[in-house]
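What follows is a set of notes on a single structure, which appears directly below.
The values are calculated or read from the model by the stated rules, or taken from the named source; none is laboratory data. Remember, it's a predicted structure, so these values are computed and weren't measured experimentally. Neighbour counts are summed over all protein chains in view; Cβ atoms, including those assigned to glycine, are modelled from backbone coordinates with ideal geometry. Ligands, DNA and RNA are stripped out before the accessible areas are found, and what is left, the full protein with its side chains, is counted by its heavy atoms. Shrake-Rupley method; radii C 1.70, N 1.55, O 1.52, S 1.80 Å.
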Amino acid sequence: MSLFSKRAGKLTAYRITRIGLCAAILFVAQVALAFIPNGELVSLLTIVFTLSFGAEAFIVVTIFSILEGLLYGFGLWVVSYLYVWPILVAATLLLKPLFKEDFIMWAVTSAAFGLIFGSLFAIAYIPVSPSYALTYWLSGLLWDAWHGTANGIIMLILGKPVYTICKRIKREITD
């Protein structure tokens, strides 16, 4: 069911709870692994939640971004989060008909997202200073390489099992 379908306007207690739990899981996963530079589960979970629950993931990543701002303080980086994670949701929705449940392709997608994360993040800095945005992006290329590699490996290992759990939850508890 699409978030934008006729029925989507009906936010049942189940859907509200699912959205809140998914956002909380993203938040806890990010905070728990914050000590690992660019090693994160947010990309994996965002892709899996989008595959499992469709466009609801836009709400999930928005809540996640706001929670991050509440914990770490609101800065320009929160603006980046508010568009970077929805880009991953949109890309997943667009690629889902092609890739279906092929987690090798989702690993490639997650790796590519990690590789371009810094460039997407730097976009928010362009109005402040285009040269700073470019410098920010270029200085982080090595981190982006690590981010992409870690994302791909994490998706290869955990993607299918986490997706299977989400599918089972969706099947057993329907709205």
Seminar exercise, completed: When the charge dipole of the chain is computed with +1 at the Cβ of Lys and Arg and -1 at the Cβ of Asp and Glu, the Cα pointing farthest to the positive end, of Phe99, Gly114, Trp137, is that of Phe99
Exercise. Tell me, in nm to one decimal, what length is gained between Ile66 and Trp143 on full extension, where the rule is 0.36 nm per residue of separation less the Cα-Cα distance?
Worked result: 25.3 nm
Problem set entry | With every protein chain in place, region 69-124: carbon and sulfur % of accessible area (1.4 Å) | 80
Seminar exercise, completed: The ³J(HN,Hα) series, computed from each phi in region 83-89 with the Karplus coefficients 6.51, -1.76 and 1.60 at θ = phi - 60°, rounded to the nearest Hz and given as x for glycine or proline, is 10, 5, 5, x, 4, 5, 4
Problem set entry | Largest to smallest principal axis extent of the C-alpha atoms in the chain, angstrom | 50, 32, 29
Exercise. Mean residue ellipticity at 222 nm from the helices of the chain, using -39,500 (n - 2.57) per DSSP H segment of n ≥ 4 over the full residue count, to the nearest 500 deg cm²/dmol?
Worked result: -26500 deg cm²/dmol
For this session: Enumerate the calculated ³J(HN,Hα) couplings along region 33-40 in order (Karplus 6.51 cos²θ - 1.76 cosθ + 1.60, θ = phi - 60°), each rounded to whole Hz, writing x wherever the residue is Gly or Pro.
Result: 9, 4, 6, 9, x, 6, x, 8
Exercise. Once you sort the root eigenvalues of the Cα gyration tensor of region 82-123 as a ≥ b ≥ c, which label holds: rounded (a/c under 1.5), prolate (a/b larger than b/c) or oblate (the other case)?
Worked result: oblate
Seminar exercise, completed: The helix 42-53 Cα axis meets the longest alpha-carbon principal axis of the chain at an angle in degrees, between 0 and 90 and rounded to 10, of 30
Exercise. At a Förster distance of 25 Å, what's the computed FRET efficiency of Ile87 paired with Lys10, Cβ-Cβ distance as r, to 0.05?
Worked result: 0.35
Exercise. Once you charge only the Cβ atoms, +1 for Lys and Arg and -1 for Asp and Glu, what is the size of the charge dipole of the chain about its Cα centre, to the nearest 20 debye?
Worked result: 740
For this session: Between Leu76 and Val28, with labels modelled 7 Å along Cα→Cβ, what's the label distance in nm to one decimal, could you check?
Result: 3.4
